[in-house]
Amino acid sequence: MKTTSFGEWVLYGGICAYLLTLLVMPSQLWLGFTINALIVAILSVAWNLLGGFGGQMSFGHAALFGTGAYVTAMLQVRWGINPWLAAVAAIVAATAVAGFIAALSFRYGLRGSYFALVTLAFAEVLRILASSFEISGGGQGILVPYKAGLANFQFADRSTTYALVLFLVVVAMLITLAVQRSRFGAYLIAIRENEEAAKALGIDTFRTKVLAMMLSGAIGGAAGVAYLQTYLFIDAPIAFGSTMSIEALLGPIIGGAGTVWGPLVGTLIIHGLGETAKHLVSGAPGLNLVLYGVVLMVILRYLPDGIVGLARRIGPRRAAPTAMPEDR
Amino acid sequence: MLEVNGIKAGYGPVNVLQGISMTIGDGEIVAVLGSNGVGKSTLNNVISGIIKPREGTVRFDTVDITGASPRAVVDAGILQVPEGRRIFPNLSVKENLELGAYRRARERMAVNFERMCTIFPRLRERLGQLAGTLSGGEQQMLAIGRGLMAEPRLLILDEPSLGLSPLMVEEMFNLVQRISQEGLAILLVEQNVVQSLAIASRAYVLEQGRFALEGPSGDMLADPRLRKTYLGL
Amino acid sequence: MWSLVLPAILGGLTTGAIYALVALGLTLIYGVLHIINFAHGSLLMLALYGVYFLYAILGIDPYLALLIVVPVFFVLGYVLQRGVISVFSLGKEQNVLLVTLALAIIIDNLALYFWTSDTRTISLPYAYTMVEIGPAFIPLPRVIAFVAALVAAVILWLIMSRTRLGKAIRAVAIEKRGAELVGIDVDHTYAMCFGIGTACVAAAACLLLPTFYVTPQVGYAFVLVAFTTVVLGGMGSFMGALVSGLLLGVIEALCGLFLGESLGQIGIFLAFILILLFRPSGLFGRRAA
Amino acid sequence: MSNDETKFGPFPLSRRGFLKVGGSGLALTAFAGTVAAPTVLRAQTPTVKVGILEPLTGNLAYNGTQARAGAMFAIEAINAAGGIKSLGGAKLEAVVADAQSRPDVAAAAVDTLAQAGVSAFIGCQASALGLASSQAAARYNLAQVFDVGTAEQVVERGLKNVFRFTPGVNKCTSTALENLKLLNQNAKNVVKTVAIVYEDGPFGSNMSKLLNERLPQIGMTVVENIGHPTPQRDFTNIVLRIKAAKPDLIIPSNYLNEYTLLAMTLRQQKVEAKAIYSILGGAASNIKFVREHNDAAQYVMDCNHWYDPRKPESQALAKKTADAKLDLTYDIMVAYACIQLIADSLERAASPDREKLIEALASSTYAGSIMPYGPTKFVNGNNEAAQPVNTQIRGEKIELVFPKEYATAEAVFPMPPRG
């Protein structure tokens, strides 16, 4: 049984403290920033289930996010369906889309960069479809009328939105924890480490991967719903564009892929970094993103296991691996 | 000509080799024997410059090549024919051979190419074919041929008999002996104890990162410990 | 509508030639280094700016600029791979992808900072010289680009099949350890690949600018199509990249004609998905052993 | 909305206290150091902060950067003229935020602006961004003056903090069509058929829908209606379709890059139309396009936002823009005018307080901006007095040709045959 290192206690404790402080003492500035980061974090958790645990790197998680957002928006605006019901339908739809993409890709044995590219292509197809038809608002996107109220899934008070999004993040992380401790999770990790061997051990790798993607789809769809109800607007480039897909995978990889906390840690740090960079070089558009890119590279170079990996190495836990000599 | 002294090396926190010393003389066939996972390939890779040792030295012709790059080791004249052959499957047989002379003996490539065709007549028939389509034995021939193209002074053969039919194994060992008769020193790393000892002048037995036995092949064959452990006698 | 089919096909072929040119560099990098180079579009953008400034400041014709931009970008690519990508990725595949992503972010935004987001175009007299081919008028620069794509593919094919470097590149691509053991400098070969790939993008920029524009975001317009081209053609296959680039140009033109330009884009991605599913080795790639 | 505001959050004190601090420009100096660190503060002169929320990166970076420049010119001019007199000559101070061409970022950036204590802000070039930002700003009772935000949804949400100074798509289209009808009548109705080329985003597709409904009402038949994505790499197909349809008039509604490619391709394929008349088209009112593709640009008309070139302040702006080596585009003009509007309202409100400023804006009858508008009249946040004008490219210049009272040149319609 693994124990938690001192560094991890500090890291997770700090994050919990921040998130809880914001819950009881809302600051508008930090709320706006954190809600945005947490929505991306939900999608990152979704990505992490398949990409972090299962080793199947998707470059098109926007397909799931966008499906969630679009289905809610369309049901709500076009047919006046209650937003809560629409949310459930959206999550089901995103799960179905995930299942379809996964079944098709894995049936034909796509993996590695091929899988990455095919998911990217599916997201692009959805983007084009969404912007081509009247029912999805065409190029104009869909604007959800602002009518605050619990029944409408919209809240004038952003603390409530925040609490809801935070709740979703916690649920998503609990699902990750459950997966990690389950036999299903063990199968996934086995597939990541060596798919052939996993198959030889009698694991139904196809079924496992498809299920993981569907679970990922459900969570990713929820992220889309949360986005829509927060910003009340969706269009094809936001929903299915590559920006969202990239954000989905940056969090887990920076934070620590295949860990429960990695996606949340990574997303919060990246967003914090982006915000800081914006203030450091305010008035010079682009330079903040340059700085962001540089820091991203430095993290890749010096923190190969992500932030969570770094935290694990801080403080006593087990035999200190610092004695490990230079390899290469 | 090759002097290995007190090598410790490994991956991660584990030392696979725990202090290895050996020598190879000019034109000599020396065998390193041992079962799977005792560190034979690690030793090869240390000599070839792929793994940097944590302790110890490797000298070749009295020049210190410890921790040199694989290219520098090739330049010095040591060629490894690795386990699993590592030929280039998407290149033709001819191109594979030509790449053998990538760094050494480039100016004599044509001559050596002819020589390889003579030594391995079966490769000559398949020059235009993609290397990946050859049989296992042919691939091993090609791997050795590729190594010889560089006119090495020391050839390291890592498990050349692995995965070959008994007939092919026989042919392989004959070949190794023939090559060495032209004055080439050979380090033969094998699990196949009997046939290796038959052609090697001296042998080392590697067990758990250390040499358990060493000496002339004849003495080794007679050693009761070896007979018991490796020959089941 | 039907009378437009032939002109649309011809037009599609010339657009496809540009896709092929951009993809030639990418297929080399993808085929050998096995990485998805996200910075490819950014490098195209950078090269377009190079060509633009050579013309705007020094009055150098884009076709003459080939002689300057191509070698400069070869060096740039070499240095990027050796000094940045391999250093920051620690040689891990998933990291390489993220490093090139970070590089793309850095390059794009530096361009935005220094050159602003102005759209820049150059107006050349021969941009309006038309070549009449059957029922279609094709602008001269497009015809030149088409021929150049063919020439570039042949040159690359010659480099790969006839030269020592080409053999080393192919060897490293599939059997890195074996290549190391015959004394091939793997890092150098990777960097050469990246350099040649980047040089291809620079050549594409010289041929593209006479009929196109440049902004810091221009790379995105090409990079996804370039990936599609690479996969469709088979990773690392130049003839594949050439043919599939042309094919995609035609598919795009015909889908645009019959489905409308908005929905028509879908043709490329559907083709992409179908190829990935049913023939992941591409039209010209060998099936994986 | 305001009912919701009072019960904002479990800690009403923090919310309201915050508003109070945020609302008083003088008390803000304490905040400014910690958040968003804008320009250097002068110790004695009182300042009023004005937000500039524009897409400085991403797809719309060009428009956003231009708009920021326009706003900065306006602030400079107003400060040089003595600042806000009713506030003791308070200087305007810009707080710039980047919307990154993404609605969620635009919404989040409003928090930064509010925290920095702006009294109002201008933004954000695209309707999608403006929709998101104004919704976020509603929570702070913070006024957003839309520089460009043509989608009618902008003013249909009942938000009290939305002030669209410039005309929306409906107004632009109807004015454009009225003017087109007049032009055509004067030319003995030579134009009978029309081809529309539009970008398939919110702006272009909306426009195309309206045009298809209304062009028949002025006796014109739509023979081709072609949408394309942004970016579109190749216009050969589109131009071939236009060529086959032989329209008298081409109406492009797209952004600068695509317009440039379209114009080049039209010329390459030797398409001769009697006129090119764009509505809110980026290029026909862009001097860079005129400079770089002068031949292709001749006689192209646009119905767009444009300033009244005869006003001295307009001429001063043109000079400032040229001195800064920037191209004079409508983005610069409208951003300039929006700051003028805010300054006027501040003057009347005599307070940097957000709520007071909203009241002042809502009751504005300002007529002194550089735009060719009558006295401002906001109805549901829409400035009823706003109107677009017609420009035409003539030689090296963009001339204003319609309406007559602002015109600097006579319209040429149809355009003379080339050659």
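Quick notes on this one:
- Residue identified as at pLDDT below 90 and more than 28 Å from residue B:43 (Cα to Cα) among B:130, B:123, B:162, B:167: B:167
- Looking only at residues of region A:167-177 that are out of contact with any Phe, Trp or Tyr (no Cβ under 9 Å at 6 or more places or on another chain) and farther than 18 Å from residue A:68 by Cα, we find that the one that is surrounded by the most Cβ atoms within 10 Å (Cβ to Cβ) is A:175.
- Some residue of region A:222-243 being away from every other protein chain (no Cβ under 14 Å) and surrounded by 24 or more Cβ atoms within 10 Å (Cβ to Cβ): yes
- Residues located in region D:72-113, provided they are within 19 Å of residue D:143 (Cβ to Cβ), away from chain A (no Cβ under 13 Å) and in contact with a Phe, Trp or Tyr (Cβ under 7 Å, 6 or more places away or on another chain): D:74
- Matching residues, region D:145-164, being under 10 Å from residue D:135 (Cα atoms), open to solvent by less than 30 Å² (accessible area, probe 1.4 Å) and part of a loop (DSSP other than H, G, I, E, B): D:159, D:161
- Per the conditions (1) of a type in the set (Val, Ile, Thr); (2) open to solvent by 10 Å² or more (accessible area, probe 1.4 Å); (3) more than 14 Å from chain C (Cβ to nearest Cβ), the sole criterion not satisfied by residue D:236 is (3).
- For region D:220-227, the criterion of being of a type in the set (Gly, Ala, Ser) and not in a helix (DSSP H, G or I) is satisfied by at least one residue.
- Against the list (1) within 14 Å of chain C (Cβ to nearest Cβ); (2) more than 22 Å from residue D:231 (Cβ to Cβ); (3) touching a strand residue (DSSP E or B) at 6+ places or on another chain (Cβ under 6 Å), the condition residue D:342 fails is (1).
- With respect to being touching a residue at least 24 places away in the same chain (Cβ under 8 Å) and either over 30 Å from residue D:229 (Cα atoms) or under 22 Å from the mean Cα position of the chain (by Cα) (or both), residue A:140 falls outside the description.
- Search result, residues across region B:20-53 that are more than 21 Å from residue B:150 (Cβ to Cβ), open to solvent by 30 Å² or more (accessible area, probe 1.4 Å) and touching a Gly at 6+ places or on another chain (Cβ under 9 Å): B:21, B:52
- Residue in region B:54-71 that is surrounded by 22 or more Cβ atoms within 10 Å (Cβ to Cβ) and within 18 Å of residue B:154 (Cα to Cα) present: yes
- Taking region A:107-128 as the range and being more than 7 Å from every other protein chain (Cβ to nearest Cβ) and either of a type in the set (S, T, N, Q) or surrounded by fewer than 21 Cβ atoms within 10 Å (Cβ to Cβ) (or both) as the test, the residues that pass are A:107, A:109, A:111, A:112, A:119.
- Scope region D:168-194; condition open to solvent by less than 60 Å² (accessible area, probe 1.4 Å), outside any helix (DSSP H, G or I) and over 29 Å from residue D:154 (Cβ atoms); matching residues: D:187, D:190, D:191, D:193
- Members of region A:244-270 found to be out of contact with any Leu (no Cβ under 9 Å at 6 or more places or on another chain), open to solvent by 10 Å² or more (accessible area, probe 1.4 Å) and not in a loop (DSSP other than H, G, I, E, B), listed by number: A:269
- Sole residue being open to solvent by 10 Å² or more (accessible area, probe 1.4 Å) and within 20 Å of the chain's Cα centre (by Cα), chosen from B:84, B:100, B:128: B:84
- Among (1) away from chain D (no Cβ under 14 Å); (2) open to solvent by 50 Å² or more (accessible area, probe 1.4 Å), the one test that residue A:135 misses: (1)
- Going through (1) open to solvent by less than 70 Å² (accessible area, probe 1.4 Å); (2) in a helix (DSSP H, G or I); (3) under 18 Å from residue C:165 (Cα atoms); (4) charged (D, E, K, R) one by one, residue B:94 falls short only on (1).
- Of all residues in region B:186-218, those satisfying the criterion of being part of a loop (DSSP other than H, G, I, E, B), open to solvent by less than 50 Å² (accessible area, probe 1.4 Å) and under 18 Å from residue B:20 (Cβ atoms) are B:200, B:209.
Residue-by-condition table, conditions (1) in contact with a Leu (Cβ under 8 Å, 6 or more places away or on another chain); (2) surrounded by fewer than 24 Cβ atoms within 10 Å (Cβ to Cβ); (3) touching a residue at least 60 places away in the same chain (Cβ under 8 Å):
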{"site": "C:208", "(1), (2), (3)": "yes, no, yes"}
{"site": "C:225", "(1), (2), (3)": "yes, no, yes"}
{"site": "C:231", "(1), (2), (3)": "yes, no, no"}
{"site": "C:236", "(1), (2), (3)": "yes, no, yes"}
{"site": "C:239", "(1), (2), (3)": "no, yes, yes"}
{"site": "C:249", "(1), (2), (3)": "yes, no, yes"}
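- Condition check for residue D:380: modelled with pLDDT under 95 and surrounded by 23 or more Cβ atoms within 10 Å (Cβ to Cβ): no
- Matching entry among A:43, A:11, A:22, A:50 (being open to solvent by 20 Å² or more (accessible area, probe 1.4 Å) and either at negative phi or away from every other protein chain (no Cβ under 13 Å) (or both)): A:11
- Residue C:110 open to solvent by 40 Å² or more (accessible area, probe 1.4 Å), more than 14 Å from chain D (Cβ to nearest Cβ) and at negative phi: no
- Residue within region C:10-22 that is more than 10 Å from chain D (Cβ to nearest Cβ), modelled with pLDDT of 90 or more and surrounded by fewer than 24 Cβ atoms within 10 Å (Cβ to Cβ) present: yes
- Taken over region A:53-78, the residue count meeting the criterion of being under 14 Å from residue A:43 (Cα atoms), assigned to a loop (DSSP other than H, G, I, E, B) and among the small types (Gly, Ala, Ser) is 2.
- With respect to the conditions (1) more than 17 Å from residue C:6 (Cα to Cα); (2) among the aromatic types (Phe, Trp, Tyr); (3) open to solvent by 30 Å² or more (accessible area, probe 1.4 Å), residue C:272 falls short on a single one, namely (3).
- Test: residue in region D:197-205 that is surrounded by fewer than 23 Cβ atoms within 10 Å (Cβ to Cβ) and in a strand (DSSP E or B): no
- Selection status of residue D:125, modelled with pLDDT under 90, more than 9 Å from every other protein chain (Cβ to nearest Cβ) and in a loop (DSSP other than H, G, I, E, B): yes
- With respect to being assigned to a helix (DSSP H, G or I), more than 23 Å from residue D:106 (Cβ to Cβ), aliphatic (A, V, I, L, M) and in contact with a Gly (Cβ under 8 Å, 6 or more places away or on another chain), residue A:91 fits the description.
The values are calculated or read from the model by the stated rules, or taken from the named source; none is laboratory data. Note that the structure is predicted; figures quoted are calculated from it, not measured. Ideal geometry is used to build each Cβ from the backbone, glycine not excepted, and the neighbour counts take in all protein chains shown. Heavy atoms of the whole protein, side chains included, go into the accessibility calculation; ligands, DNA and RNA do not. Shrake-Rupley method; radii C 1.70, N 1.55, O 1.52, S 1.80 Å.
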